[in-house]
Amino acid sequence: MVRRFPAFLMCLMILIFVFACTTTPKFNFPQGTRVGIINLLEPYATHQNFTSFATKNFTKTYEVDWDMPLYTEDQLITQLEKDARFTAVKIRVSKPHKEKTLRLNIIEQVLLSQTSPPTLSPQGASLLDTISNPYDVQVVIVIGSYSGPSPYRSGEDQIQVEGYGVFTRKLFSGKLGSVFGGIFSFRKAYAYAQIGVVVYKVQPVTYIAATRAIAKGRPLRPINDFDWEANIRNLPQADLNKAKPLIQGYIDEAVKRALRNANLTPSRPPRKDTGIGGAPSR
């Protein structure tokens with residue numbers, strides 16, 4: 001009697017084979033690896049407001065003294081230099097059109113890609129190679145904001161956001177909103193950070209890992225003491241500043257996840273008895 005191989009096991013083996021063929025390769029980096037940092041974060045904060053009436057939706061930017069680009073850069077360097085193998089190298093991008101190209105092709109398209117690993121734009125890869133080549137680096141970390149979906153919807157459509165700052169939602173406006181907001185909490189304020197950290201090996205440019213500051217499917221962090229009596233179209237600095245530590249928290253977690261996924265974290269020494277150890281798995 002011939003026994004049939006169960007169909008579900010066959011499907012499982014095919015899926016495992018496909019996944020194995022598409023998994024991003026893992027790299028082990030030697031002593032003296034130079035890691036370039038390209039920081040494309042904007043210095044200003046953004047307020048994105050959404051209501052049940054499209055005419056009341058708006059986006060406004062604010063000058064703030066947070067210096068989030070410097071904060072993010074410091075976090076990357078601090079985490080990298082915990083491992084003596086790595087030397088952090090700051091790479092400056094002087095031309096605005098080059099920043100735009102990198103933001104679109106090297107951050108946004110990669111983070112929103114539906115393939116694994118993501119398909120790299122030849123234009124973006126070529127530009128990244130050209131910019132990083134004079135710095136003699138083997139790895140490049142690119143960090144910046146991008147335009148993409150938020151965790152929330154407006155009707156059938158997912159709300160698109162960009163940058164970092166304050167995200168407010170109101171179901172009703174005017175006095176009606178104040179009444180219902182107090183009873184049913186139809187108004188909410190959140191700190192958001194549509195920021196990505198993407199890691200590449202260069203020469204040639206090869207994708208290694210990427211993380212979002214707000215992980216897919218995760219809710220935004222609420223600003224519980226937001227002043228709804230203030231002018232929503234001209235937020236006071238005090239309300240903007242309430243978002244700052246929450247955004248820094250998003251960035252801290254994204255930096256650590258990106259470095260861990262890219263195998264850029266300190267290796268564990270092998271155990272003497274078994275030899276088990278080495279770099280953490282992805």
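One residue stands out among those in region 134-153 that are surrounded by fewer than 18 Cβ atoms within 10 Å (Cβ to Cβ) and of a type in the set (F, W, Y): the one that is nearest to G217 (Cα to Cα), which is Y152.
Among the residues of region 222-241, just one is crowded, with 18+ Cβ neighbours inside 10 Å and charged (D, E, K, R), namely D239. When region 105-133 is limited to residues that are surrounded by 16 or more Cβ atoms within 10 Å (Cβ to Cβ) and without any contact (Cβ under 8 Å) to a residue 24 or more places away in the chain, the one that is nearest to I214 (Cα to Cα) turns out to be Q109.
Quick check: is even one residue across region 220-230 closer than 23 Å to F27 by Cα, among the charged types (D, E, K, R) and within 21 Å of the chain's Cα centre (by Cα)? So far as region 220-230 goes, no, none of its residues is closer than 23 Å to F27 by Cα, among the charged types (D, E, K, R) and within 21 Å of the chain's Cα centre (by Cα). For D252, the criteria (1) of a type in the set (D, E); (2) in a loop (DSSP other than H, G, I, E, B); (3) within 21 Å of I107 (Cα to Cα) hold in every case but one, which is (2). Filtered by the rule that a residue be in contact (Cβ under 8 Å) with a residue 24 or more places away in the chain, farther than 15 Å from Q138 by Cα and not in a loop (DSSP other than H, G, I, E, B), region 74-103 gives Q75, L76, I77, Q79, K98, E99, T101, L102, R103.
Among the residues making up region 108-164, those that are of a type outside the set (A, V, I, L, M, F, W, C), in a strand (DSSP E or B) and within 21 Å of R257 (Cα to Cα) are G144, S145, G148, P149, S150, P151, G163, Y164.
Residue-wise test of (1) at pLDDT 90 or above; (2) of a type in the set (D, E, K, R); (3) under 17 Å from I38 (Cα atoms); (4) in contact with a His (Cβ under 6 Å, 6 or more places away or on another chain).
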residue: T211; (1), (2), (3), (4): yes, no, yes, no
residue: N234; (1), (2), (3), (4): yes, no, no, no
residue: K244; (1), (2), (3), (4): yes, yes, no, no
residue: G249; (1), (2), (3), (4): yes, no, no, no
residue: N261; (1), (2), (3), (4): yes, no, no, no
residue: L264; (1), (2), (3), (4): yes, no, yes, no
residue: D273; (1), (2), (3), (4): no, yes, no, no
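Taken over region 113-148, the criterion of being within 16 Å of K95 (Cα to Cα) and of a type in the set (G, A, S) is satisfied by G124, S126, S132, G144. V139 meets each of the listed conditions (1) of a type outside the set (S, T, N, Q); (2) within 20 Å of E73 (Cβ to Cβ); (3) at pLDDT below 90 apart from (3). Can you find, within region 202-246, the residue that is farthest from A262 (Cα to Cα) among those that are part of a loop (DSSP other than H, G, I, E, B) and among the charged types (D, E, K, R)? The extreme case among them is E229.
The values are calculated or read from the model by the stated rules, or taken from the named source; none is laboratory data. Here the structure is a predicted model, which is why all the values come from computation and not from measurement. Because the Cβ atoms are built from the backbone with ideal geometry, glycine has one as well, and the counts that use them run over all protein chains shown.
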